[in-house]
1. Could you tell me whether any residue of segment 35-44 is in contact (Cβ under 8 Å) with a residue 40 or more places away in the chain, farther than 30 Å from L138 by Cα and touching a helix residue (DSSP H, G or I) at 6+ places or on another chain (Cβ under 6 Å)?
2. Since T102 meets every condition but one in (1) modelled with pLDDT under 95; (2) within 23 Å of E60 (Cα to Cα); (3) of a type outside the set (A, V, I, L, M, F, W, C), which condition does it not meet?
3. Consider L47 against the criteria (1) crowded, with 16+ Cβ neighbours inside 10 Å; (2) of a type outside the set (K, R); (3) under 20 Å from I35 (Cα atoms); (4) modelled with pLDDT under 90: it satisfies all of them except one. Which criterion is unmet?
4. With farther than 30 Å from L135 by Cα, surrounded by fewer than 18 Cβ atoms within 10 Å (Cβ to Cβ) and not aliphatic (A, V, I, L, M) as the only criterion, which of T73, T40 stands out?
5. Out of the residues in segment 76-119 that are of a type in the set (V, I, T) and within 16 Å of G54 (Cα to Cα), which is surrounded by the fewest Cβ atoms within 10 Å (Cβ to Cβ)?
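The values are calculated or read from the model by the stated rules, or taken from the named source; none is laboratory data. Because the structure is a prediction, the values reported are computed rather than measured. Neighbour counts run over all protein chains shown; Cβ positions are idealised from the backbone, glycine included.
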Amino acid sequence: MTLSQSSKKQNMAQDTFSKLLRCTNSVSGDVHKHIQDQLTVSQFGILESLALLGPISQKELAARILKSPGNITTIINNLEKAGLVIRVLSTQDKRYYGIHLTDKGRRLIDRLLPVHTEVLRNRMAVLTEEEQQTLGRLLEKLTMNGGAQERG
């Protein structure tokens, strides 16, 4: 590969990455605007996960919303202080705490989720169903590539 070809590849990668970041920030900002006075994006992600999946562990929540174990503990502590979730010790495994929505947490997420879903649906409506599927596959491919080095 010549220096010129290598430079073009690098510029394309940087340009594509910049577009991905701008898109992510723009869409995320629009989709989460309605929650900003009540919850952080991470708190919303936890309540949304619990509403959709039911009680799950901190470890599972951390993986689902892409947060470190230390960070997820802080987020859950704050949600617990606000009365939105509770930790329930497993009767089968004393090392396992399930995170559960409280009635207050359920009421809040039940109020926020329909608005969130509608905003997300409206934002994604600029893409056809086929384009959304293609974008999903491309993003999964990029995610699965992880830290792979450039293949020559």
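1. no
2. Of everything listed in (1) modelled with pLDDT under 95; (2) within 23 Å of E60 (Cα to Cα); (3) of a type outside the set (A, V, I, L, M, F, W, C), T102 misses just condition (1).
3. Only one criterion is unmet by L47, namely (4).
4. T73
5. So, considering only residues that are of a type in the set (V, I, T) and within 16 Å of G54 (Cα to Cα), the one surrounded by the fewest Cβ atoms within 10 Å (Cβ to Cβ) is V88.
So that you can scan it fast, the table gives a plain yes or no per residue for (1) closer than 21 Å to T24 by Cβ; (2) of a type outside the set (K, R); (3) not in a helix (DSSP H, G or I):
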{"site": "I86", "(1), (2), (3)": "no, yes, yes"}
{"site": "Q92", "(1), (2), (3)": "no, yes, yes"}
{"site": "R95", "(1), (2), (3)": "no, no, yes"}
{"site": "R121", "(1), (2), (3)": "yes, no, no"}
{"site": "Q133", "(1), (2), (3)": "yes, yes, no"}
{"site": "L142", "(1), (2), (3)": "yes, yes, no"}
